[in-house]
């Protein structure tokens with residue numbers, strides 16, 4: 001296995017953000033690579049519009065990060081619909097929300113799928129009576145959060161504003177501000193049409209794309225952008241580029257060379273922190289979880305004699321250990337009672353999803369394996385691979401210890417936070433089974449410095 005030190009070098013910003021965009025696709029319920037395919041479409045439209053390299057670069061990241069705020073309204077969607085919010089998000093993207101009949105059918109089909117008819121009708125009445133207000137709230141939460149994330153990641157105001165205005169429509173009937181015509185940032189206009197093109201192509205055909213663009217031209221879309229796309233519509237090479245195989249490298253190559261950005265270790269740390277916050281905001285019960293696990297991991301690693309460079313590398317793995325939870329529905333994450341067998345199976349996939357996302361980044365190859373194994377157990381009863389103690393790295397054992405500690409001491413949907421003393425008693429019972437004794441001893445040594453904990 002390569003060591004962390006061998007990965008200490010500059011990395012391409014496009015590579016990092018492109019790889020992590022797969023996690024955003026999970027939250028939106030979209031097929032893997034949705035954000036990348038939208039970026040492919042948008043960049044070709046931008047070239048048809050003869051945008052310069054600076055504008056194309058801003059467009060590139062505006063579209064790649066268009067769903068950066070997607071996790072912020074997940075819990076609210078679950079609360080309103082009582083249905084897997086990823087399915088709600090996925091199917092809503094096929095709806096013209098300016099068409100009342102389409103919208104009504106969508107609501108009836110998706111609300112209260114696990115409830116009786118009375119519960120279902122209560123939700124329908126609530127959504128019907130407050131539809132405009134609730135729709136604006138959901139879009140505003142998502143778009144403002146996404147815009148703020150772009151700024152935190154170091155992108156400029158144009159990129160942030162473009163993400164904020166993704167759901168505005170050409171005729172002024174979009175959200176959240178009802179912008180009209182060229183009041184809407186150009187990159188937002190391109191991002192929205194690119195999103196619709198990808199979704200209708202992925203679920204249908206070129207013909208379905210053509211039909212939908214014609215129908216929404218002048219209402220959702222700027223007719224000039226639709227016209228620019230028509231030249232691409234007839235080009236086989238454009239559609240070939242939307243194939244899954246090799247999509248990451250093809251999209252990365254579209255970033256203008258003159259504006260290409262390489263990031264140092266400090267910015268890599270910051271990106272990990274920001275994406276951890278995207279994971280944690282998905283559920284009110286996981287707020288700040290990844291940051292705390294990172295803090296506990298760093299403390300344990302320091303006590304165990306890890307070098308500062310090794311600790312820095314491991315903190316990134318701890319920050320991103322739960323990125324796969326973006327692919328788990330809030331109806332499971334926020335469930336107030338115990339999970340049934342089927343729900344547990346859905347939860348268990350998140351560790352593998354974490355590994356799948358992180359291993360797309362060259363600099364995170366080893367972190368992917370370490371973070372993706374944080375639910376393995378020393379006795380071989382963990383998941384996803386059922387590894388035994390000898391096959392589990394020390395780094396993973398540290399993250400596991402930190403994760404278990406935070407899981408017990410933090411408030412959950414079905415119980416209050418557990419005091420530290422009782423938490424340690426519970427963890428002692430798992431020594432040799434789930435928890436490494438040396439890691440737990442190191443955690444105990446850290447406790448005096450963590451004064452914020454409920455003792």
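For region 197-225, filtered to residues that are without any contact (Cβ under 8 Å) to a residue 24 or more places away in the chain and in a loop (DSSP other than H, G, I, E, B), the residue that is farthest from residue 145 (Cα to Cα) is 205.
Against the condition out of contact with any strand residue (DSSP E or B) (no Cβ under 6 Å at 6 or more places or on another chain) and free of Cβ contacts under 8 Å to residues at least 24 places away in the same chain, how does residue 347 come out, does it pass? When the stated conditions are applied, residue 347 passes them. Only residues that are within 30 Å of the chain's Cα centre (by Cα) and either closer than 16 Å to residue 179 by Cα or outside the structural domain of residue 174 (by TED's automatic domain parsing) (or both) were counted across region 218-233, and they come to 4.
Among residues belonging to region 108-119 that are in a helix (DSSP H, G or I) and in contact (Cβ under 8 Å) with a residue 24 or more places away in the chain, point out the one that is nearest to residue 331 (Cα to Cα).
Going through region 108-119, the residues in a helix (DSSP H, G or I) turn out to be 108-110, 117-119.
From the residues that got through so far, the ones that are in contact (Cβ under 8 Å) with a residue 24 or more places away in the chain too are 110, 119.
Numbers: 110: 14, 119: 16 Å.
Filtering first and then ranking leaves 110.
Scanning region 29-53 for residues that are under 16 Å from the mean Cα position of the chain (by Cα) and surrounded by fewer than 21 Cβ atoms within 10 Å (Cβ to Cβ) yields a count of 3. Restricting 422, 444, 377 to residues that are part of a loop (DSSP other than H, G, I, E, B) and farther than 28 Å from residue 25 by Cα narrows the list to 377.
Table: residues versus (1) touching a strand residue (DSSP E or B) at 6+ places or on another chain (Cβ under 6 Å); (2) touching a residue at least 60 places away in the same chain (Cβ under 8 Å); (3) part of a helix (DSSP H, G or I); (4) surrounded by fewer than 16 Cβ atoms within 10 Å (Cβ to Cβ).
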residue	(1), (2), (3), (4)
126	no, no, yes, yes
133	no, no, yes, yes
163	no, yes, yes, no
169	no, yes, no, no
177	no, no, no, no
191	no, yes, yes, no
195	no, yes, yes, no
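When you check residue 375 against the structure, is it buried (at least 19 other Cβ atoms within 10 Å of the Cβ) and free of Cβ contacts under 8 Å to residues at least 40 places away in the same chain, yes or no? Yes, satisfied.
The values are calculated or read from the model by the stated rules, or taken from the named source; none is laboratory data. On a predicted model such as this, the values are computed, not experimentally measured, just so you know. Heads up, the Cβs are rebuilt from the backbone with ideal geometry, glycines too, and the neighbour counts pull from every protein chain shown.
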